[in-house]
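First up is the structure itself, then whatever we jot down about it.
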Amino acid sequence: MSIHSRILGTGSYLPPETVSNDDLAARLARDGIETSDAWIVERTGIRQRHFAGPGVGSVDLGEHAARRALQDAGLQAQDIDLIIVATSTPDMIFPSNAALIQGRLGCPGGAVFDVQAVCAGFIYALSVADQFVRSGSVRHALVIGTEVFSQILDFSDRATCVLFGDGAGAVVLGPGERGGVLSSALHGDGRQASILCTPGRIEGGKVSGRPFLHMDGQAVFKQAVHVLEGVAREVLDKAGRTAADVDWMVPHQANIRIMLHTAKKLGIAAERVVQTVAWHGNTSAASIPLALDTAVRAGQVRRGQTLLLEAVGGGLTWGAALLEF
Ligand code: ACO
């Protein structure tokens, strides 16, 4: 019988400090930059975000989320033989966040690596882990999305600094006889790297370039709604399903307009879209597992339901996965 990879447990973690739109507006006003709760809510749906604060990195957040996912799955860290972390804000240039988290969890031996596909990173990581579990080459995989985007925000650019937050989410994948990941699809278009990027690097021990998030918001918006519909239809077709079979869409929480616009094009009602962007902001690779865990713990998403996950991010990168939870 063929192996299916199922989500055995979910977990997430948000740093305790919440920053409301009003808090952020007051902070920007000190530098003479104007914004308002009304503007941010209307254009993005975001009401608050969490910031990790000095000294707290994406490994810290990811470790918490991973421990919660393991507990939910009823497994020990020693049961894990693959860790993939999706992040664009790792603690170090190397080793990977996956290695650092494995060290914290104290479960040496399995494969560890990071995936860098920005906001589509969790879909990429999930799809890769799915191949390992389905082929039988690993039994249990931890797939983690974790970010501290607050560290790469330019607080003099009001068009981007209001959008992002910090957080982490994780799932444990393991073998099952049916259901689980039904299909996935990944894509990229490197010609569009410049519309969403953080163009900095280390040269001779110094940062060169501008290590702050840069975005052409309107270009990203246009691309996002175009590619997300296509890739969502692709995974539905691959699995022989239609949008009517989807119990919950769990989109990357980029902004409410992109999320609901895509759902509408697919014919999925807003009530069937998991929405956490208001409270978390855009947490990049962390946003899907964070939204999924939030919806599971709230009793919205239940076992046996069909979930459509989709995301687009810098690169451009985009992807989707259809799964029976
Ligand atoms: N507060 C008040 N005014 C603002 C703010 C702000 N925070 N940010 C921009 N403005 C102003 C601009 O200066 C501009 O003023 P002007 O007309 O006087 O020049 C006006 O608002 C309109 O600016 P635009 O950039 O054209 O605003 P737009 O309507 O495009 O909204 C937004 C910006 C929300 C970023 C939009 O482009 C968008 O949703 N883009 C999608 C990209 C996205 O969501 N990215 C998330 C990260 S990427 C990802 O996860 C895939």
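The values are calculated or read from the model by the stated rules, or taken from the named source; none is laboratory data. None of these values were measured; they are calculated from a predicted model. Every residue, glycine as well, gets a Cβ built from its backbone with ideal geometry; the counts of neighbours run over all protein chains shown. Areas reflect the complete protein model, heavy atoms only, side chains present, ligands, DNA and RNA absent. Shrake-Rupley method; radii C 1.70, N 1.55, O 1.52, S 1.80 Å.
Test SER194 against the criterion of being part of a helix (DSSP H, G or I), more than 30 Å from ALA29 (Cβ to Cβ) and outside the structural domain of SER36 (by TED's automatic domain parsing), and give yes or no.
Working: part of a helix (DSSP H, G or I): yes; more than 30 Å from ALA29 (Cβ to Cβ): yes; outside the structural domain of SER36 (by TED's automatic domain parsing): yes.
Considered against the rule, which asks whether it is part of a helix (DSSP H, G or I), more than 30 Å from ALA29 (Cβ to Cβ) and outside the structural domain of SER36 (by TED's automatic domain parsing), SER194 comes out as yes.
Check HIS261, HIS226 and return the single one that is assigned to a helix (DSSP H, G or I) and at pLDDT below 95.
Values: HIS261 fails: at pLDDT below 95.
Only one candidate qualifies: HIS226.
Restricting to the range 211-222, name every residue that is touching a residue at least 12 places away in the same chain (Cβ under 8 Å) and open to solvent by 80 Å² or more (accessible area, probe 1.4 Å). Lay out the reasoning, then the answer.
Applying the first criterion (touching a residue at least 12 places away in the same chain (Cβ under 8 Å)) to the range 211-222 yields 211-217, 219-221.
Matches in the range 211-222: HIS214 only.
Here is a list of conditions, (1) of a type in the set (Ser, Thr, Tyr); (2) in contact with a Leu (Cβ under 8 Å, 6 or more places away or on another chain); (3) more than 28 Å from SER194 (Cβ to Cβ), and THR294 meets all of them except one; can you say which number that is?
Only one criterion in (1) of a type in the set (Ser, Thr, Tyr); (2) in contact with a Leu (Cβ under 8 Å, 6 or more places away or on another chain); (3) more than 28 Å from SER194 (Cβ to Cβ) is unmet by THR294, namely (2).
Scan the range 177-191 for residues that are part of a helix (DSSP H, G or I) and open to solvent by 70 Å² or more (accessible area, probe 1.4 Å) and report the count.
Number of matching residues: 1.
Do the conditions hold for GLN300, that is, is it modelled with pLDDT of 95 or more, assigned to a loop (DSSP other than H, G, I, E, B) and open to solvent by less than 10 Å² (accessible area, probe 1.4 Å)?
Details: modelled with pLDDT of 95 or more: yes; assigned to a loop (DSSP other than H, G, I, E, B): yes; open to solvent by less than 10 Å² (accessible area, probe 1.4 Å): no.
No; evaluated as a whole, the condition is false for this residue.
Answer yes if at least one residue in the range 116-124 is more than 16 Å from the ligand (Cβ to nearest atom) and within 21 Å of the chain's Cα centre (by Cα), and no otherwise.
So in the range 116-124, the residues more than 16 Å from the ligand (Cβ to nearest atom) come out as none.
No, because not a single residue in the range 116-124 is more than 16 Å from the ligand (Cβ to nearest atom) and within 21 Å of the chain's Cα centre (by Cα).
Considering only residues that are open to solvent by less than 10 Å² (accessible area, probe 1.4 Å) and more than 11 Å from the ligand (Cβ to nearest atom), which ones fall in the range 149-167?
Just the residues of the range 149-167 that are open to solvent by less than 10 Å² (accessible area, probe 1.4 Å), to begin with: 149, 153, 160-162, 164-167.
Correct list: LEU153, GLY165, ASP166, GLY167.
Scan (1) out of contact with any Pro (no Cβ under 7 Å at 6 or more places or on another chain); (2) touching a residue at least 12 places away in the same chain (Cβ under 8 Å); (3) more than 20 Å from CYS119 (Cβ to Cβ) for the single condition VAL207 breaks and write down its number.
Status for VAL207: all satisfied but (2).
Hey, any hits in the range 258-273 for a residue that's under 19 Å from PHE149 (Cα atoms) and either crowded, with 24+ Cβ neighbours inside 10 Å or in contact with an Asp or Glu (Cβ under 7 Å, 6 or more places away or on another chain) (or both)?
Start the filter on the range 258-273 by keeping residues that are under 19 Å from PHE149 (Cα atoms), which leaves none.
No, the range 258-273 contains no residue that is under 19 Å from PHE149 (Cα atoms) and either crowded, with 24+ Cβ neighbours inside 10 Å or in contact with an Asp or Glu (Cβ under 7 Å, 6 or more places away or on another chain) (or both).
Scan the range 237-262 and report the pairs whose first residue is more than 21 Å from SER183 (Cα to Cα) and whose second residue is away from the ligand (no atom under 16 Å from the Cβ) and small (Gly, Ala, Ser), with Cβ atoms within less than 8 Å and a gap of 6+ or a chain change.
If the second residue must be away from the ligand (no atom under 16 Å from the Cβ) and small (Gly, Ala, Ser), the pairs left are LEU260/ALA270.
Against the condition in the same structural domain as LEU260 (by TED's automatic domain parsing), closer than 19 Å to LYS238 by Cα and within 14 Å of the ligand (Cβ to nearest atom), how does GLY319 come out, does it pass? Give the steps one after another, and end with the answer.
Values: in the same structural domain as LEU260 (by TED's automatic domain parsing): yes; closer than 19 Å to LYS238 by Cα: yes; within 14 Å of the ligand (Cβ to nearest atom): yes.
Yes; evaluated as a whole, the condition is true for this residue.
Would you mind stating whether GLY281 is outside the structural domain of ARG68 (by TED's automatic domain parsing) and closer than 21 Å to GLY62 by Cα?
Values: outside the structural domain of ARG68 (by TED's automatic domain parsing): yes; closer than 21 Å to GLY62 by Cα: yes.
Yes, satisfied.
Just to be sure before I move on: is GLY62 touching a Ser or Thr at 6+ places or on another chain (Cβ under 7 Å) and modelled with pLDDT of 95 or more in the structure I sent? Step through it out loud before you land on a result.
On the way: touching a Ser or Thr at 6+ places or on another chain (Cβ under 7 Å): yes; modelled with pLDDT of 95 or more: yes.
In short, yes.
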